[in-house]
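Have a look at the structure below before the remarks.
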Amino acid sequence: MLKRLLLILLLPLSLQVWGQQDDAGQAVTPELRAALMDAVGSADSFADRFEAEVWLLDMSGRLQRRMDDEQERLEFLRLVHQEATRANLPPELVLAVIQVESNFDRFAVSRVGAQGFMQIMPFWVREIGRPEDNLIRTRTNLRYGCTILRHYMDIEHGNWIRALARYNGSLGRTVYPNKVLDAMQRTWFNHD
């Protein structure tokens, strides 16, 4: 646990902000576009089998009341861990974002059209030239969401409040970031 917290605090951060605004008012930079395009392959996730079993068992118990089917739940958690790790984000933070954004409803669509677990705006598939991508597909939704959140973490030099506010389109306000951080602390981090 201490190792993970240290990694969280020492995330490598470097991107500069520049570019145009998309139709939701978020900055569409060449770096973000490239990161999303590059995020098509998969990455390693767990350090070893023991770590995988412990994390999956722990998180599965926490997620059980929101996702009944055990096999579906474990596959979902594996994908969350893979995509969060690929994007150098704490998987618990990604779970908290999903909890606040969609309450684990794969088919959620917001009033402004954001889709899936991480509530991704459909303009992103056009923006990176991948109109065939289905944002309701779990892996695709997690890949986009984690890549976008990582980009905002880099832009904000590790400032979680500002990065989460950017993700939500509420930069300058703290209600959404505080909800996510509260969900992460109360539900997804180990309380030992």
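Observations, loosely collected:
- Test for R150: is it basic (K, R) and more than 16 Å from the chain's Cα centre (by Cα): no
- When N168 is tested against (1) open to solvent by 20 Å² or more (accessible area, probe 1.4 Å); (2) within 17 Å of L79 (Cα to Cα); (3) within 12 Å of the chain's Cα centre (by Cα), only condition (2) is not met.
- Taken over segment 97-112, residues that are more than 19 Å from H151 (Cβ to Cβ) and open to solvent by less than 20 Å² (accessible area, probe 1.4 Å) amount to 3.
- Scanning segment 65-96 for residues being small (G, A, S) and over 18 Å from I148 (Cβ atoms) gives a total of 0.
- Helices (runs of 4 or more DSSP H) wholly inside segment 1-89 that include at least 2 residues being modelled with pLDDT of 85 or more and either under 18 Å from the mean Cα position of the chain (by Cα) or under 28 Å from F123 (Cβ atoms) (or both): 49-63, 70-86
- Output for segment 135-146, where each listed residue is open to solvent by 10 Å² or more (accessible area, probe 1.4 Å) and more than 9 Å from I120 (Cβ to Cβ): I136, R137, T138, R139, R143
- Failed item, numbered, when I161 is tested on (1) in contact with a Phe, Trp or Tyr (Cβ under 9 Å, 6 or more places away or on another chain); (2) open to solvent by 50 Å² or more (accessible area, probe 1.4 Å); (3) among the aliphatic types (A, V, I, L, M): (1)
- Residues (in a loop (DSSP other than H, G, I, E, B) and more than 22 Å from D69 (Cβ to Cβ)) located in segment 90-118: P90, S110, R111, V112, G113, A114
The values are calculated or read from the model by the stated rules, or taken from the named source; none is laboratory data. Just so it is clear, the structure is predicted and the values come from calculations on it, not from any experiment. So basically every Cβ, Gly included, is an ideal-geometry build from the backbone, and we count neighbours across all protein chains shown. Accessible surface areas use protein heavy atoms only, side chains included; no ligands, DNA or RNA. Shrake-Rupley method; radii C 1.70, N 1.55, O 1.52, S 1.80 Å.
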